[in-house]
Amino acid sequence: MSSESQRDHREHRAAFHIRTSNPDVVYAAALPEMGDMGRSSASLSHETDGRLLLSVEGEDISALRAAVNSYLRIIMIAEEMQEVLK
């Protein structure tokens, strides 16, 4: 199997609906970090109710866990920085 087709075959998925006080700022801060990271990938989108949707996929459970930890940490830092800058 080529590496291209392996990246298209993500068996493990997680989705998080994130409520934040300023979703536009968090979205703009986290968006550059989203995308394909080899064994995992993630996307971030706005939901109609103002929340953000973080979708993470991994080739295996370890890749999924590592990606979830990384992306949730990025979002948490973006949220915390809003408080520091007030």
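For an R0 of 25 angstrom, estimate the FRET efficiency from the Cβ-Cβ distance between S70 and T48 and round to the nearest 0.05. It comes to 0.40. Using R0 = 41 Å, the C-beta based FRET efficiency linking A28 and I61 works out to 0.85.
Considering only alpha-carbon pairs that sit under 8 angstrom and 6 or more positions apart, the relative contact order computed for segment 17-85 is 32 percent.
Here the chain has 53 percent of its accessible surface on carbon and sulfur atoms, given a 1.4 Å probe and all protein chains in place. The dipole here belongs to the chain: it is taken about the Cα centre, uses +1 on the Cβ of Lys and Arg and -1 on the Cβ of Asp and Glu, and is about 180 debye. Length gained on full extension, R19 to D36, computed as 0.36 nm times the residue gap minus the Cα-Cα distance: 3.7 nm.
Relative to the longest principal axis of the Cα atoms of the chain, the long axis of helix 61-84 lies at roughly 10 degrees.
The values are calculated or read from the model by the stated rules, or taken from the named source; none is laboratory data. Keep in mind that what you see is a predicted model, and the values were worked out from it rather than measured. Positions of Cβ are generated from backbone atoms using ideal geometry, with glycine treated the same way; all protein chains shown enter the neighbour counts. All accessible areas refer to the heavy atoms of the entire protein, side chains included, with ligands and DNA or RNA removed. Shrake-Rupley method; radii C 1.70, N 1.55, O 1.52, S 1.80 Å.
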